[in-house]
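The next block holds one structure in the form of structure tokens; read it before the comments.
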Amino acid sequence: MTWDWSAVADFMPRFWDGVFITLQILVLGSLISFTLGLVWAIGFRAPTRFVRWPVNVVTEFIRTTPLLVQLFFLYFVLPEWGVQFSALTTGTIAIGLHYSTYTAQVYRAGIEAVPAGQWEAAKALSLPAHRTWFAVILPQAIRRITPALGNYVIAMLKDTPLLAAIGVLEMLQQSRLESASTFQYTEPLTVIGIAFILIAYPASLLVRTLERRLVR
């Protein structure tokens, strides 16, 4: 078997479409997971159990359910209730929602690592709750947890091929479509594997650099 460079050239238009969609999912999914994860984490520390208990139950359910099951539920079940999104939107929401339950635990650990004296000082200054969180606690917590959040971005990247199950044309799905039309599998799949490495490896190096600089 010889390597066919013409097959690689023919695959390039599909490849770049797949890269764009994959990065779009990764960026928007990360924003959802970081934002919603922070909401969950604050909910964990709510003063009333009527907030804490539902937050714990919901996040535990999402975290222990396979992402693929959640994808199918959002894409196939919600339309029966009149809620319907495109495959790309559904996939992005699902992956962001799924990983928000993991980032919530990271936020939780960072918040609990903030010294108790910081909470007491904010209380002594009579700071309102929103200023205590956003001016005192979260800046210290996020500095500690940035590397861990970066690791989940890499994990999210590696899970994007699951979205092909509902028809999202990310990188792996593009390679499958190309292979189905040309009956050449080696070149498209090899290109996709290299692309994942070229995206994930620099990201992992960045995470390690942040860890060395921020966690001291």
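The values are calculated or read from the model by the stated rules, or taken from the named source; none is laboratory data. These numbers were taken from a predicted model, which means no experiment stands behind them. Note that we place each Cβ from the backbone using ideal geometry, even for glycine, and neighbour counts take in every protein chain shown. Only protein heavy atoms, including side chains, enter the accessible area calculation; ligands, DNA and RNA are left aside. Shrake-Rupley method; radii C 1.70, N 1.55, O 1.52, S 1.80 Å.
So that you can scan it fast, the table gives a plain yes or no per residue for (1) assigned to a helix (DSSP H, G or I); (2) modelled with pLDDT under 85; (3) within 22 Å of Leu67 (Cα to Cα):
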site: Trp119; (1), (2), (3): yes, yes, no
site: Ile142; (1), (2), (3): yes, yes, no
site: Thr146; (1), (2), (3): yes, yes, no
site: Ile154; (1), (2), (3): yes, no, yes
site: Asp159; (1), (2), (3): yes, no, yes
site: Leu163; (1), (2), (3): yes, no, yes
site: Val191; (1), (2), (3): yes, no, no
site: Ala195; (1), (2), (3): yes, no, no
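Yes/no matrix, rows are residues, columns are (1) of a type outside the set (Val, Ile, Thr); (2) surrounded by 13 or more Cβ atoms within 10 Å (Cβ to Cβ); (3) within 25 Å of Ile154 (Cβ to Cβ):
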| residue | (1), (2), (3) |
| --- | --- |
| Asp17 | yes, yes, yes |
| Ile25 | no, yes, yes |
| Leu31 | yes, no, yes |
| Arg45 | yes, yes, no |
| Trp53 | yes, no, no |
| Asn56 | yes, yes, no |
| Phe61 | yes, no, yes |
| Thr64 | no, no, yes |
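Look through Arg131, Arg144 and report the one residue that is in contact (Cβ under 8 Å) with a residue 40 or more places away in the chain, of a type in the set (D, E, K, R) and more than 28 Å from Tyr75 (Cβ to Cβ).
Of Arg131, Arg144, the one residue that is in contact (Cβ under 8 Å) with a residue 40 or more places away in the chain, of a type in the set (D, E, K, R) and more than 28 Å from Tyr75 (Cβ to Cβ) is Arg144.
Being more than 28 Å from Ala141 (Cα to Cα), of a type in the set (Gly, Ala, Ser) and not in a loop (DSSP other than H, G, I, E, B) narrows it down to one residue among Gly37, Gly91; which is it?
The match here is Gly91.
Taking region 179-203 only, how many residues are under 23 Å from the mean Cα position of the chain (by Cα) and open to solvent by less than 60 Å² (accessible area, probe 1.4 Å)?
Total meeting the criteria: 7.
When you go through Phe76, Phe134 one by one, which is the residue that is open to solvent by 20 Å² or more (accessible area, probe 1.4 Å), part of a helix (DSSP H, G or I) and either under 24 Å from Gly18 (Cα atoms) or not hydrophobic (A, V, I, L, M, F, W, C) (or both)?
Phe76
All but one of (1) modelled with pLDDT of 90 or more; (2) surrounded by fewer than 17 Cβ atoms within 10 Å (Cβ to Cβ) hold for Met1; which doesn't?
(1)
Listed here are the residues, each with its yes/no results for (1) within 17 Å of the chain's Cα centre (by Cα); (2) over 20 Å from Leu36 (Cβ atoms); (3) of a type in the set (Val, Ile, Thr).
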position: Val51; (1), (2), (3): no, no, yes
position: Val57; (1), (2), (3): no, no, yes
position: Pro66; (1), (2), (3): yes, no, no
position: Gly91; (1), (2), (3): yes, no, no
position: Gln105; (1), (2), (3): yes, no, no
position: Glu112; (1), (2), (3): no, no, no
position: Gln118; (1), (2), (3): no, yes, no
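Run down Arg212, Arg176 and say which single residue is part of a helix (DSSP H, G or I), modelled with pLDDT of 80 or more and either out of contact with any Lys or Arg (no Cβ under 8 Å at 6 or more places or on another chain) or open to solvent by 30 Å² or more (accessible area, probe 1.4 Å) (or both).
Only one candidate passes the filter, namely Arg176.
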